[in-house]
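Read the structure below first, then the notes.
The values are calculated or read from the model by the stated rules, or taken from the named source; none is laboratory data. Computed from a predicted structure; not experimentally measured. Backbone-built Cβ (ideal geometry, glycine too); neighbour counts: all protein chains shown. With ligands, DNA and RNA removed, areas are computed over all heavy atoms of the protein, side chains included. Shrake-Rupley method; radii C 1.70, N 1.55, O 1.52, S 1.80 Å.
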Amino acid sequence: MRRSRLRRLRTLAANALRSTLDVATKRKNRGEAEPLGEAHITFLSPSSEVAGSGTVPEGVSILKAAKTLDIDIDHFCGGHASCGTCRVTVVDGGRSLSAMRGMEEMTLGASGIAKNQRLACQALVLGAATVRIPR
C-alpha cells in the first residue's frame with residue numbers, strides 16, 4: 001500500500017516537473033534573453049458579464065493573472081491543487097492553457113474535466129483565453 005502511494009506521489013511530482021519544463025523549454029526555444037511574451041486573458045462573471053481582462057506574462061497561472069487584474073478567486077489551499085476552490089470554467093482558448101497534470105486531474109475528477117473546468121492555481125496562461133469565475 002505504501003509503495004503504491006509513493007509511486008503515485010513520484011508520478012505527480014514528475015508531471016509537475018514536466019509542466020514546469022514545458023514552460024522553460026518554450027522560453028529557451030525563444031532565446032534566453034527574450035521573455036516569454038504576453039497573453040490576453042478575459043474573466044467572465046458567473047452571469048457571463050466581463051469581470052475583467054488584460055494582458056499578463058505568458059506562463060503565469062490563471063490565479064496569478066486574476067490577482068494581477070484585481071479579480072478575486074478563492075483558493076483556500078494556497079495554490080496546491082488540493083481543495084478545488086479555485087475552479088474556473090474555460091469558455092474559450094483551452095488550447096492556450098498548459099496541459100492538465102496529475103493533481104489537477106485528481107482534484108477536478110471526470111465530471112469537472114467534462115465541464116471544461118480547470119484549477120486557476122495550476123493552469124498556466126500561454127495565449128489568449130476566456131474563463132468564467134465562480135461566484
Being farther than 18 Å from residue 64 by Cβ, under 12 Å from the mean Cα position of the chain (by Cα), in contact (Cβ under 8 Å) with a residue 12 or more places away in the chain and surrounded by 15 or more Cβ atoms within 10 Å (Cβ to Cβ) is the filter here; which residues of the range 88-107 pass it? 89
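The rows are residues; the columns are (1) outside any helix (DSSP H, G or I); (2) basic (Lys, Arg); (3) open to solvent by 60 Å² or more (accessible area, probe 1.4 Å); (4) modelled with pLDDT of 95 or more.
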position	(1), (2), (3), (4)
3	no, yes, yes, no
17	no, no, yes, no
34	yes, no, yes, no
56	yes, no, no, yes
65	no, no, no, yes
Which of the numbered conditions does residue 113 fail, given that it passes all the others? Conditions: (1) in contact with a Ser or Thr (Cβ under 8 Å, 6 or more places away or on another chain); (2) open to solvent by 50 Å² or more (accessible area, probe 1.4 Å); (3) among the β-branched types (Val, Ile, Thr); (4) assigned to a helix (DSSP H, G or I). (1)
Residue 71 is checked against (1) crowded, with 19+ Cβ neighbours inside 10 Å; (2) in a strand (DSSP E or B) and fails just one. What number does that condition carry? (2)
Test: residue 85 is within 20 Å of residue 115 (Cα to Cα), β-branched (Val, Ile, Thr) and either at pLDDT below 95 or loosely packed, with under 15 Cβ neighbours inside 10 Å (or both): yes
Taking the range 66-111 and keeping only residues that are in contact with a Leu (Cβ under 8 Å, 6 or more places away or on another chain) and of a type in the set (Gly, Ala, Ser), one is left with 79, 81, 84, 96, 98, 102
Taking residue 12 as meeting all but one of (1) of a type in the set (A, V, I, L, M); (2) out of contact with any strand residue (DSSP E or B) (no Cβ under 8 Å at 6 or more places or on another chain); (3) open to solvent by 50 Å² or more (accessible area, probe 1.4 Å); (4) at pLDDT 55 or above, write down the number of the exception. (3)
